Amino acid sequence: MVAELKTLITFFGATGDLAKRLLYPSVFNLYKKGYLQEHFAIVGTARQDITDAEYQDMVRQSVSEGQDKEQVEAFLAHFSYEASDVTDAAGYASLKEEIEKASAKFGVKGNRIFYMSVAPRFFGTIAQFLKSEGLLADEGYNRIMIEKPFGTSYKTAEELQNQLTSAFSEDQVYRIDHFLGKEMVMNIAPLRFGNPMLNSAWNKDYIKNVQVTLAETLGVEERAGYYDQAGALLDMIQNHTMQIIGWLAMEEPKDFSDVAIREAKNQAFSSLEIYDEAGVNRYFVRGQYGAGKQEGHVAYTNEPDVPKDSKTNTYIAGELHFNTPRWEGVPFYIRSGKRMTKKTTRIDVVFKAGAFKFGGQQEPQETVLTIVVSPDEKITMSLNAKEVADNFSTQTVNLGWAPTAEQKAETPAPYERMIHDCLDGNASNFADWHGVATAWKFTDALSDVYAADKAPLEIYESDTMGPEAADKLLAQNGDAWVYRGE
Ligand code: NAD
């Protein structure tokens with residue numbers, strides 16, 4: 001049996017889509033696994049005026065499919081609800097009362113998590129009211145889980161950060177980026193630091209370049225209102241891509257604690273080169289999907305609710321530089337786009353080719369460590385080996401591992417993992433303010449150039465791997481994308 005984690009979680013936005021679809025099932029899984037037993041309470045709050053029973057009924061609908069009825073009912077007994085408008089200080093008094101009542105009823109003794117499942121404009125306001133209205137516990141811990149996005153620019157992120165830090169210290173803030181809760185992203189650390197062979201080669205002497213691809217096949221769908229403001233740059237690059245890069249580029253942490261991990265990532269982020277206008281044009285490509293051959297795949301500007309003259313990037317490719325001795329001269333290539341050939345998130349670490357010649361025309365090949373994050377999950381390493389033939393020639397062979405279907409079924413979903421880690425006080429897989437701030441400074445430099453329309457907009461055919469300019473970007477360094485949509 002696992003050790004019980006005593007806690008009281010307050011869900012702001014308790015009646016919303018995220019809570020119903022992902023948060024309650026995650027908490028129920030933690031209950032079934034025994035992390036939550038007797039000493040836990042869940043208080044939901046949102047604007048709707050509903051009773052405890054109606055709230056429990058809503059949660060029942062989220063969690064009960066195919067589950068043991070008795071267990072579901074025992075779980076639901078820990079749930080209560082208090083309506084409040086988060087922008088109004090007055091509502092916090094009754095919420096405080098409810099939290100204290102539930103805490104006493106289930107013997108939680110402090111240990112409060114406040115989960116912000118509300119619109120981002122409320123994150124800072126709620127944090128400040130939690131402190132000013134006395135909702136923070138005097139004993140145990142207080143932690144705040146923040147949904148994304150964390151700001152819309154460096155300036156707005158800094159404002160939010162200032163609001164948060166007036167009530168919480170950095171070690172109490174758990175900024176969610178669900179990519180950090182993905183199994184294969186969490187595999188970067190054991191691969192790097194658990195294998196001295198890879199760890200000692202994780203630098204400019206052996207690595208030629210690093211590639212991170214987040215490709216989507218979908219177009220903008222019904223999200224034009226949001227997406228036309230954000231583009232691929234804010235939707236996928238500023239957050240998920242940069243957080244993955246953090247694990248790849250970080251220095252070696254002195255131990256595997258969350259503090260040391262975040263410190264090692266911050267060392268890397270501090271050395272990230274922020275580009276000026278010339279740099280943005282030299283090292284980045286912005287693209288937008290045009291029509292494709294598949295039925296219904298219209299150009300981005302012909303999508304419903306998208307302005308006909310929109311210059312929003314639906315594709316970004318670029319090259320990052322970390323100015324540290326470890327990474328001198330090693331490009332980190334990133335790309336993300338909509339309407340690409342295949343949906344995939346993957347990392348390709350390209351190692352330099354050896355100099356040894358086997359004779360004839362044979363060129364030594366680069367070897368590649370590939371981590372496929374989703375939707376498949378897979379780790380492969382290509383190696384040079386002998387071809388099965390009479391004469392002596394070499395070929396590239398792949399060593400590979402993928403989790404079994406059973407293992408995948410057992411893998412906790414990112415939200416379950418993140419709530420568990422927050423209960424456990426482990427912030428390794430959450431975004432640190434310094435990394436978020438650096439990512440904003442980096443993407444702001446691009447946003448400024450794009451807003452002023454001082455970079456070409458490359459139109460690419462839908463259902464391809466993006467504009468040719470992205471291939472040229474790598475070719476000018478003698479590199480090529482490993483993944484070409486096969
Ligand atoms: P939603 O619109 O479905 O729910 C919002 C919730 O906030 C509702 O419970 C609503 O009653 C409550 N609310 C609104 N105004 C309020 C006020 N003034 N006072 C008190 N409560 C108020 O939103 P959602 O999709 O559940 O998203 C919640 C957060 O999660 C957002 O920050 C979003 O960016 C993030 N997020 C959502 C998803 C998702 O799949 N839904 C995925 C990733 C991140």
Item to check | Test item: Cα-centred dipole of the chain, Lys/Arg +1 and Asp/Glu -1 on Cβ, debye | outcome: 800
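Asp309 to Ala409: extension gain in nm, 0.36 nm per residue of separation minus the Cα-Cα distance?
Details: separation 100, 0.36 × 100 = 36.00 nm, distance 4.49 nm.
Stretched fully, the Asp309-Ala409 segment lengthens by 31.5 nm.
Counting other C-beta atoms within 10 Å, and keeping those with at most 16, which DSSP coil trypsin sites (Lys or Arg not before Pro) do you find in the stretch 147-207?
Working: sites: Lys155, Arg175, Lys182, Arg192, Lys204; in loops: Lys182, Lys204.
Counting only loop positions with at most 16 other Cβ atoms within 10 Å, the trypsin sites (Lys or Arg not before Pro) in the stretch 147-207 are Lys204.
Share of Cα-Cα pairs in the stretch 412-480 beyond 20 Å, in percent? Don't skip to the answer; put the middle values down first.
Details: 1472 of 2346 pairs.
Above the 20 Å cut-off, the stretch 412-480 has 63 percent of its Cα pairs.
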Item to check | Calculated log₁₀ intensity ratio I(q)/I(0) where the Debye formula runs over C-alpha points of the stretch 38-149, q = 0.19 Å⁻¹ | outcome: -1.08
Checklist entry - Give or take rounding to whole Å, what are the principal axis extents of the alpha carbon atoms in the stretch 269-338, in descending order? => result 50, 24, 18
Checklist entry - Quick one: if you stick a label point 7 Å off each Cα along the C-beta vector at Thr380 and Ala137, how many nm between them? => result 4.8
Next on the checklist: What does DSSP give for the stretch 105-210 in terms of the percent of beta bridges that are antiparallel, rounded to the nearest 5?
Outcome noted: 0
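Hey, any idea what the orientation-averaged projected area of the convex hull of the stretch 127-221's Cα atoms comes to, in nm²? Kindly include the intermediate steps, with their values, before the conclusion.
Numbers: hull surface 43.2 nm².
Convex hull of Cα atoms, orientation-averaged projection: 10.8 nm².
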Checklist outcome for this item: Over the Cα atoms of the stretch 229-349 the radius of gyration and the largest Cα-Cα distance (Dmax), both in Å, equal 17.3, 54
Next on the checklist: I need Trp247, Trp202 ordered by Cβ neighbour count within 10 Å, fewest first.
Outcome noted: Trp247, Trp202
Next on the checklist: Output the 0 to 90 degree angle, nearest 10, between the alpha-carbon long axis of helix 414-424 and the longest principal axis computed from the alpha carbons of the chain.
Outcome noted: 60
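Cβ neighbours within 10 Å, averaged per peptide: list 110-121, 436-447 in order, most packed at the top.
436-447, 110-121
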Next on the checklist: Can you compute the equivalent ellipsoid semi-axes for the stretch 102-172, i.e. the square root of 5 times each eigenvalue of the Cα gyration tensor, sorted largest first and rounded to whole Å?
Outcome noted: 25, 12, 10
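In percent, how large is the relative contact order of the chain, given Cα pairs closer than 8 Å and 6 or more residues apart? Kindly include the intermediate steps, with their values, before the conclusion.
Details: 891 pairs, mean separation 81.0, N = 486.
Value for the chain: 17 percent.
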Next on the checklist: Using a 7 Å offset from the Cα along the Cα-to-Cβ direction at both Lys101 and Lys472, what is the distance between the two label points in nm, to one decimal?
Outcome noted: 6.7
Next on the checklist: Can you tell me what percent of all Cα-Cα pairs in the chain are more than 45 Å apart?
Outcome noted: 17
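Readers should treat all values here as calculations from the given coordinates under stated rules, not as data from a laboratory. Because the structure is a prediction, the values reported are computed rather than measured. Every residue, glycine among them, receives a Cβ derived from its backbone with ideal geometry; neighbour counts consider all protein chains shown.
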